[in-house]
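First up is the structure itself, then whatever we jot down about it.
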Amino acid sequence: MKQLAGLMVAFWLFLVGSLRAGVAQELRFPPNRIAVVGAGIGGSSAAYFLRQKFGKHVQIDLFEKGEVGGRLATVDMEGGQYEAGGSVIHPLNLHMKTFVKELGLSVRAPSDSLVGIHNGEDFVFQESHWFIVNIVKMLWRYGLNFLRMYMWVEDMLDKFMRIYRYQTFDYSFSTTESLLHALGGNDFMTKLNVTVDEALQRAGFSQKFIDEIVTPAMRVNYNQGVKINGFVGAVSLAGTDSGLWSVEGGNKLVCTGLVYSSKAQLIQGTVTSMQEKVRPLKSGGTVKLYELSYETSAGPGLEMYDIVVIATPLNKDVSNISFLGFNPPIHTFSKRYQQTVATFVHGQLNSSFFGCSSPCRFEVSEILTTDNPKLFFSSVGAVSPVKAKSESEASQSAESLKVWKVFSPEPLTKDQLDLLFKSHHAVSEKKWLAYPLYSPPEKMPPVILHDRIYYVNSIELAASAMEMSAISAKNVALLAHHRWYGKDGQIDQEDLTERLKSEL
Ligand SMILES: Cc1cc2nc3c(=O)[nH]c(=O)nc-3n(C[C@H](O)[C@H](O)[C@H](O)COP(=O)(O)OP(=O)(O)OC[C@H]3O[C@@H](n4cnc5c(N)ncnc54)[C@H](O)[C@@H]3O)c2cc1C
Ligand SMILES: *[C@@H]1O[C@H](CO)[C@@H](O)[C@H](O)[C@H]1NC(C)=O
Ligand SMILES: *[C@@H]1O[C@H](CO)[C@@H](O)[C@H](O)[C@H]1NC(C)=O
Ligand SMILES: *[C@@H]1O[C@H](CO)[C@@H](O)[C@H](O)[C@H]1NC(C)=O
């Protein structure tokens with residue numbers, strides 16, 4: 001009797017055990033193939049993090065219609081290469097820092113430059129070589145606003161930095177709102193709803209400081225004024241911190257390095273559409289896959305995937321991808337992107353244009369501007385090539401003219417070039433649809449576009465920057481992994497800061 005009972009228990013345990021195993025096995029079966037669309041910093045880091053999460057057996061295909069690097073690109077001028085898109089990286093951008101270290105790349109410090117702020121007639125503020133002179137000038141003109149700005153940015157950065165711990169502990173978020181809310185609570189949500197102008201006025205900043213210091217920073221970083229949302233405004237102000245850096249040889253080397261180390265297969269082609277297909281399995285039953293259509297120079301192609309990650313803005317002017325037969329439908333988003341033209345000019349600035357008639361001491365090499373409709377450009381700054389020249393070349397060019405980078409909303413006309421420069425002998429231009437045209441209150445597009453389709457660039461509507469794309473890419477890799485394996489406890493958790501304190 002006892003034996004029989006023992007046998008029955010054993011049999012029952014066996015049944016439950018095998019049932020469980022069956023269910024778990026179905027859930028735990030790894031995906032075969034993942035597609036990533038776009039090989040900018042968002043897509044290349046997504047491939048890298050997907051490889052980390054899903055292991056070495058999954059096939060990762062990375063589609064790119066242009067150059068690896070996307071908005072990280074250099075232009076060639078007279079044998080030198082210059083950053084034409086995303087150029088500076090903040091010292092606390094930890095994903096970018098880690099990539100550079102792991103890929104064995106080196107850091108390039110930007111050349112020291114003195115900043116001048118021009119209002120269309122005159123310089124309203126000019127930095128000096130003398131630290132103490134700068135302090136006195138700042139205090140004299142703006143009181144404690146500079147200090148206050150430093151603290152305002154610091155407060156935001158403190159909260160923002162929580163993302164690295166959350167991601168280290170494998171936590172992910174299903175929307176950009178929940179990600180930002182987990183970092184900065186209502187403070188971050190409110191920042192997305194108001195202009196940076198409003199946000200700073202509420203925080204007690206003077207109008208003069210907003211017009212003469214904040215506006216120029218927004219113009220140089222986003223080619224837009226202080227009507228952009230408070231969150232991207234704070235990110236942009238963080239870009240005035242010291243210790244900014246870039247990558248020796250070009251920031252795009254991070255992307256090529258990540259693609260290589262992710263062992264993703266790079267497919268040079270344009271993804272045109274995708275739809276969901278039901279396919280029979282060899283073992284019986286069916287599986288739902290996404291079918292991607294793409295165009296290459298060799299003709300059209302079709303491929304099937306378990307998971308799709310989109311790492312390019314879904315905006316008709318930028319990526320025009322059609323989502324066929326989805327219910328509810330997936331739209332490309334109507335958000336417009338700001339056109340920014342980067343013009344590189346090898347020549348001599350026309351100092352009298354800047355109200356500095358001879359004899360005049362013209363020391364500034366980074367000219368920012370206030371919001372004057374008369375101005376046809378938003379900034380002019382001296383730049384150096386992404387690779388240090390050899391010493392003989394350097395000594396040759398030491399005395400020669402500088403290369404200037406001009407940002408403007410429209411291409412510069414010949415007359416405008418002649419006005420800005422006394423003389424010039426080489427000009428090179430790169431036109432971008434650069435970043436969203438921000439207009440708060442900002443509504444974030446979804447991160448989960450469909451069951452297993454994820455959208456990295458949702459985060460750009462909060463703020464566009466290299467690190468933002470990398471953070472979103474890691475979030476998407478974690479999210480895709482947790483959702484595939486049913487680990488709901490790692491998604492959208494509240495009070496993570498408190499919880500992680502006790503976990504340590
Ligand atoms: C002028 C300028 C200055 C900037 N300055 C800075 C800065 O100093 N610091 C900073 O952090 N950020 C800066 N940024 C922002 C930063 O460059 C971007 O936020 C970041 O590079 C975006 O990367 P991404 O991978 O998300 O998108 P992208 O780099 O745009 O990558 C998307 C990729 O997808 C490809 N693609 C698109 N559609 C398809 C398709 N249908 N099929 C296949 N491939 C497709 C594109 O060719 C592209 O390569 C700047 C941007 C610009 C334009
Ligand atoms: C921001 O605005 C949206 C409407 O655009 C609103 O639903 C939301 O509650 C607002 N959030 C905050 C924190 O003000
Ligand atoms: C987007 O693609 C569709 C179909 O492929 C095409 O008809 C349309 O003209 C494209 N739009 C743009 C702006 O390129
Ligand atoms: C320089 O700027 C002045 C003042 O705007 C302008 O009159 C002049 O034509 C410009 N060009 C040169 C080559 O001096």
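The values are calculated or read from the model by the stated rules, or taken from the named source; none is laboratory data. No experiment lies behind these values; they were computed from the predicted model shown. Backbone-built Cβ (ideal geometry, glycine too); neighbour counts: all protein chains shown. Areas reflect the complete protein model, heavy atoms only, side chains present, ligands, DNA and RNA absent. Shrake-Rupley method; radii C 1.70, N 1.55, O 1.52, S 1.80 Å.
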* Asked: Among (1) open to solvent by 40 Å² or more (accessible area, probe 1.4 Å); (2) touching a helix residue (DSSP H, G or I) at 6+ places or on another chain (Cβ under 8 Å); (3) free of Cβ contacts under 8 Å to residues at least 60 places away in the same chain, where does A199 come up short?
  -> (1)
* Residue, farthest from the chain's Cα centre (by Cα), within the range 104-161, restricted to residues that are within 20 Å of P91 (Cβ to Cβ) and open to solvent by less than 30 Å² (accessible area, probe 1.4 Å) -> M149
* Asked: Can we say F205 is closer than 24 Å to S365 by Cα, open to solvent by less than 20 Å² (accessible area, probe 1.4 Å) and more than 18 Å from the chain's Cα centre (by Cα)?
  -> no
* **Some residue of the range 365-381 being at negative phi, without any contact (Cβ under 8 Å) to a residue 40 or more places away in the chain and in contact with a Phe, Trp or Tyr (Cβ under 9 Å, 6 or more places away or on another chain)** => no
* Structure fact -> Contact list, first residue from the range 86-109 and in a helix (DSSP H, G or I), second anywhere and modelled with pLDDT under 95, beta-carbon distance below 7 Å, six or more apart or interchain, is none
* Restricted to the range 287-331, and to residues that are crowded, with 18+ Cβ neighbours inside 10 Å and among the aromatic types (F, W, Y), which residue is nearest to ligand 1 (Cβ to nearest atom)? -> Y294
* Structure fact -> Considering residues that are within 16 Å of ligand 3 (Cβ to nearest atom) and of a type in the set (G, A, S), the number found within the range 235-278 is 2
* Asked: Quick check: anything in the range 363-378 among the acidic types (D, E), within 12 Å of ligand 1 (Cβ to nearest atom) and modelled with pLDDT of 95 or more?
  -> no
* The one condition in (1) touching a helix residue (DSSP H, G or I) at 6+ places or on another chain (Cβ under 9 Å); (2) of a type in the set (V, I, T); (3) open to solvent by less than 40 Å² (accessible area, probe 1.4 Å) that I267 fails to fulfil -> (1)
* Structure fact -> Note on the range 316-330: residues within 13 Å of ligand 3 (Cβ to nearest atom) and in contact with a Leu (Cβ under 8 Å, 6 or more places away or on another chain) are D317, V318, I321, F323
* Structure fact -> Flagged in the range 344-353 as within 8 Å of ligand 4 (Cβ to nearest atom) and either assigned to a strand (DSSP E or B) or among the hydrophobic types (A, V, I, L, M, F, W, C) (or both), in numbering order, are F353
* Take R108 and decide whether it is of a type in the set (K, R) and within 22 Å of K402 (Cα to Cα). => yes
* Examine the range 41-58 for a residue that is closer than 23 Å to S273 by Cβ and either within 16 Å of ligand 4 (Cβ to nearest atom) or open to solvent by 30 Å² or more (accessible area, probe 1.4 Å) (or both), and state whether such a residue exists. => no
* Breaking point among (1) under 29 Å from D158 (Cα atoms); (2) open to solvent by 20 Å² or more (accessible area, probe 1.4 Å); (3) of a type in the set (G, A, S), for S334 -> (1)
* Within the range 464-504, restricting attention to residues that are touching a His at 6+ places or on another chain (Cβ under 8 Å), farther than 20 Å from M96 by Cα and touching a residue at least 40 places away in the same chain (Cβ under 8 Å), which residue is most open to solvent (accessible area, probe 1.4 Å)? -> Q490
* **Count of residues meeting criterion [touching a strand residue (DSSP E or B) at 6+ places or on another chain (Cβ under 7 Å) and either open to solvent by less than 10 Å² (accessible area, probe 1.4 Å) or among the acidic types (D, E) (or both)] in the range 174-193** => 1
* Asked: Restricting to strands (runs of 3 or more DSSP E) lying wholly in the range 417-463: which have 3 or more residues that are open to solvent by 50 Å² or more (accessible area, probe 1.4 Å)?
  -> 421-436
* Go through T98, T74 for me and flag whichever is open to solvent by less than 70 Å² (accessible area, probe 1.4 Å), at pLDDT 90 or above and more than 27 Å from E429 (Cβ to Cβ). => T98
* Asked: Taking interchain pairs and intrachain pairs at least six residues apart, which have beta carbon atoms under 7 angstrom, with the first residue in the range 234-258 and part of a loop (DSSP other than H, G, I, E, B) and aliphatic (A, V, I, L, M) and the second crowded, with 21+ Cβ neighbours inside 10 Å and at pLDDT 95 or above?
  -> L244/I89
